[in-house]
Amino acid sequence: NAYPPRQPARRQLFLNFIGGTGKTSLSVSYAHRLAELGHRVLLLDLDSQGHATKCVGLEGEAFERTLYDVLVKKMSIEECRVPTALPELHLVPSNLRMATVDLALMPMSRREYRLSKALGSVGDEYDFIVLDAPPAFGLLNLNAIVAAQELFVPVLPDFLSFHGLKLLFETVDDIEEDLEHRLDRIFVIINQFNPTTKMARAARDALEQHYAEFLVPQVVRQCTKFAQASGEGTPIFAFDPTSRAAHDVQALIDYTRAPPAQEQTS
């Protein structure tokens with residue numbers, strides 16, 4: 001296979017302040033598929049539960065070094081990353097130690113920029129740096145937003161999602177103002193969409209109305225195989241590449257890989 005042309009690393013953050021949106025299954029399958037396509041990908045697990053680590057078939061507790069060591073002990077990404085089953089995909093794992101990271105960062109100077117600075121040293125080695133963040137406020141996610149160029153926000157097609165989105169956009173605005181960091185692009189992705197339910201269709205219509213310039217036209221449909229794959233610690237493309245979820249994640253990749261000029265023009 002011919003490798004895709006190399007490009008400066010795009011830092012992409014998957015984040016929603018509301019939990020249960022299927023964010024990790026989506027981010028890991030997205031990163032895994034990019035690696036399958038020949039891109040060099042670094043996946044960072046920011047969640048103390050280590051779900052992204054589990055989703056690539058690894059156990060966070062097995063690793064002595066995690067993202068915690070990068071952020072708090074100033075270790076390099078190179079010292080803490082680990083290989084995965086795909087040669088093009090590397091992981092910076094996470095485990096329960098990450099639960100105390102906000103507390104550890106608190107007294108540090110320029111604490112909001114620790115992750116951005118650490119990623120600076122490996123930017124030339126990767127085409128995509130994908131960050132999977134926990135559903136929380138705090139210094140860790142502040143670091144993640146400041147480090148990112150593009151924000152991916154998976155939402156469920158229900159009205160609870162609106163509250164989370166409003167909060168997230170307000171936070172992004174504050175960061176833009178206070179830390180002078182502006183995201184290049186924001187993608188709102190409807191996940192676990194079931195077109196047969198009236199509520200899902202109504203929520204989708206409302207999202208189209210309020211967030212049209214950010215909403216990805218392709219939805220990720222509800223798919224039991226997606227949940228099964230995550231449960232078994234396997235990205236959807238390794239579990240069932242013919243599934244609806246795999247098809248929809250590929251459509252998401254095709255859409256978001258297009259040059260920025262083609263997108264978000266309302």
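So for the range 21-28 (the condition being open to solvent by less than 10 Å² (accessible area, probe 1.4 Å), assigned to a loop (DSSP other than H, G, I, E, B) and either of a type in the set (A, V, I, L, M, F, W, C) or touching a residue at least 24 places away in the same chain (Cβ under 8 Å) (or both)), does at least one residue qualify? For the range 21-28, residues open to solvent by less than 10 Å² (accessible area, probe 1.4 Å), assigned to a loop (DSSP other than H, G, I, E, B) and either of a type in the set (A, V, I, L, M, F, W, C) or touching a residue at least 24 places away in the same chain (Cβ under 8 Å) (or both): present. Going through (1) in a loop (DSSP other than H, G, I, E, B); (2) out of contact with any strand residue (DSSP E or B) (no Cβ under 8 Å at 6 or more places or on another chain); (3) within 23 Å of Glu78 (Cα to Cα) one by one, Phe17 falls short only on (3).
A quick yes/no check of all residues on (1) assigned to a strand (DSSP E or B); (2) open to solvent by 10 Å² or more (accessible area, probe 1.4 Å); (3) of a type in the set (Lys, Arg); (4) closer than 22 Å to Gln192 by Cβ:
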| residue | (1), (2), (3), (4) |
| --- | --- |
| Gln7 | no, yes, no, no |
| Leu13 | yes, no, no, yes |
| Ala35 | no, no, no, no |
| Ala52 | no, no, no, yes |
| Tyr68 | no, yes, no, no |
| Leu86 | no, yes, no, no |
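Annotation note: of Cys80, Cys55, the sole residue that is of a type outside the set (Val, Ile, Thr) and in contact with a strand residue (DSSP E or B) (Cβ under 7 Å, 6 or more places away or on another chain) is Cys80.
Of the residues contained in the range 226-234, one or more are found to be modelled with pLDDT under 90, closer than 27 Å to Phe137 by Cα and part of a loop (DSSP other than H, G, I, E, B). Is it the case, given these coordinates, that Leu103 is of a type in the set (A, V, I, L, M, F, W, C), open to solvent by 30 Å² or more (accessible area, probe 1.4 Å), over 22 Å from Val188 (Cα atoms) and free of Cβ contacts under 8 Å to residues at least 24 places away in the same chain? Here the answer is yes, as Leu103 does meet what is asked. Among the residues of the range 139-156, is there at least one that is under 27 Å from Gln222 (Cβ atoms), of a type in the set (Gly, Ala, Ser) and under 14 Å from the mean Cα position of the chain (by Cα)? There is no residue in the range 139-156 that is under 27 Å from Gln222 (Cβ atoms), of a type in the set (Gly, Ala, Ser) and under 14 Å from the mean Cα position of the chain (by Cα).
State whether one or more residues within the range 54-65 are in a helix (DSSP H, G or I), surrounded by 23 or more Cβ atoms within 10 Å (Cβ to Cβ), in contact (Cβ under 8 Å) with a residue 40 or more places away in the chain and within 14 Å of the chain's Cα centre (by Cα). Checked against the condition, which is being in a helix (DSSP H, G or I), surrounded by 23 or more Cβ atoms within 10 Å (Cβ to Cβ), in contact (Cβ under 8 Å) with a residue 40 or more places away in the chain and within 14 Å of the chain's Cα centre (by Cα), the range 54-65 yields at least one hit. Out of the residues in the range 135-182 that are in a loop (DSSP other than H, G, I, E, B) and open to solvent by less than 20 Å² (accessible area, probe 1.4 Å), which is farthest from Asp248 (Cα to Cα)? For the range 135-182, the residue satisfying everything is Ala148.
Would you mind stating whether Ala203 is open to solvent by less than 10 Å² (accessible area, probe 1.4 Å) and assigned to a helix (DSSP H, G or I)? Yes: the conditions hold for Ala203. Within the range 184-198, can one find any residue that is assigned to a helix (DSSP H, G or I), without any contact (Cβ under 8 Å) to a residue 40 or more places away in the chain, open to solvent by 90 Å² or more (accessible area, probe 1.4 Å) and not small (Gly, Ala, Ser)? Checked against the condition, which is being assigned to a helix (DSSP H, G or I), without any contact (Cβ under 8 Å) to a residue 40 or more places away in the chain, open to solvent by 90 Å² or more (accessible area, probe 1.4 Å) and not small (Gly, Ala, Ser), the range 184-198 yields at least one hit.
Would you be able to say whether some residue in the range 24-40 is of a type in the set (Asp, Glu) and under 12 Å from the mean Cα position of the chain (by Cα)?
Looking for residues that are of a type in the set (Asp, Glu) and under 12 Å from the mean Cα position of the chain (by Cα), one finds none in the range 24-40, hence no.
The values are calculated or read from the model by the stated rules, or taken from the named source; none is laboratory data. Small disclaimer: the values here were computed from a predicted structure and weren't measured. Don't worry about glycine lacking a Cβ; one is built from the backbone with ideal geometry, like all the others, and counts go over all protein chains shown. The protein model used for the area step is the full one, side chains on, heavy atoms only, and it has no ligands, DNA or RNA in it. Shrake-Rupley method; radii C 1.70, N 1.55, O 1.52, S 1.80 Å.
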